[in-house]
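What follows is a set of notes on a single structure, which appears directly below.
All of the numbers you see were taken from the coordinates with simple rules; none came from a lab. The shown structure was predicted, so the numbers you read here are calculated from the model rather than taken from an experiment. All Cβ positions, even for glycine, are placed from backbone atoms using ideal geometry, and neighbour counts span all protein chains on display.
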């Protein structure tokens, strides 16, 4: 079945009674204890770097964790997954996108939902320098989009060690995702993302004068304006429309050739039904879509549990496909 109709996520905490609370409360208040990463700096051929955070226990299988927009390996949903996978006899690699590890990156380039070059470099590095026999990719929000784009755009041309993937709270349709951020009810998310990204744009303009038209920051009224004037040109696209097409995983998911689970909550405040492309799953037996009624965006907390349901679900699916 392409659609998993009976999700096992049913009991969010009582005080998290809607999608916004299920999103915001874990993001602000959840603390995951005893996650001890070992950091490795991966130098890139273009002069930039990526910071990789490892938990190594000598296992033959590794999970690759990818964070969301303006996130990092320190986000609660990454740390929770890292801790649980480690307890379940997996090595863990939580990588940080350029500019997201606590230190600004060196080049003019940043990152985006459709960027598969850096995640591919991380995968190849991890497999070439360790004796892993199996890898599963787990991504959240933008990290989920990167994961699905990587698998879809590469099709059969991925390392044989990659056995499958899980993506949570993933904007598979980036155009719809940009539009829904403009809703009044989503102003808190829009402002947070924009404020963080604007700071980085100012830094890049100072380091690389003329890189973008910095005055356009004053003209941003909707999210698409930012993508038109900054996301697109910074990433080599002529406009927002081209950027959205090439960054929307739904345009490439039909080519995914390993078991892949996509989990998007029905009450996720910043996703649309188009982010769960059932028609693709119906034609590709490798894709499984699960739409629990609740969970918010990268939330999925469970009453009285240390770990989020999404973390248990990721481990369960990963162990099943290996």
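Specify the inter-centroid distance of the stretch 79-150 and the stretch 204-259, based on alpha-carbon positions, in whole Å.
If we compute the Cα centre of each part, the gap is 21 Å.
Taking each pair of distinct Cα atoms in the stretch 50-159 once, what is the resulting Kirkwood hydrodynamic radius in Å?
Hydrodynamic radius (Kirkwood, Cα pairs) of the stretch 50-159 is 14.0 Å.
Looking at the stretch 201-289, what % of the alpha carbon pairs are farther apart than 22 Å? Before the final figure, lay out each step's value.
Values: 1835 of 3916 pairs.
Pairs farther apart than 22 Å: 47 percent.
Counting pairwise Cα distances across the stretch 1-57, what percent come out greater than 19 angstrom? Spell out each step's value before the answer.
Numbers: 1021 of 1596 pairs.
Tail of the P(r) past 19 Å holds 64 percent of the pairs.
Can you say what percent of the DSSP beta bridges in the chain, counting only those with both residues inside, are antiparallel? Round to 5. Kindly include the intermediate steps, with their values, before the conclusion.
On the way: 10 of 37 bridges.
So the antiparallel bridges in the chain amount to around 25 percent.
In whole Å, largest first, what are the principal axis extents of the Cα atoms in the stretch 174-247?
If we take the Cα atoms of the stretch 174-247, the spans are 36, 25, 17 Å.
Take residue 28 and residue 188, extend 7 Å from each Cα along the Cα→Cβ direction, and tell me the distance between the two endpoints in nm.
0.5
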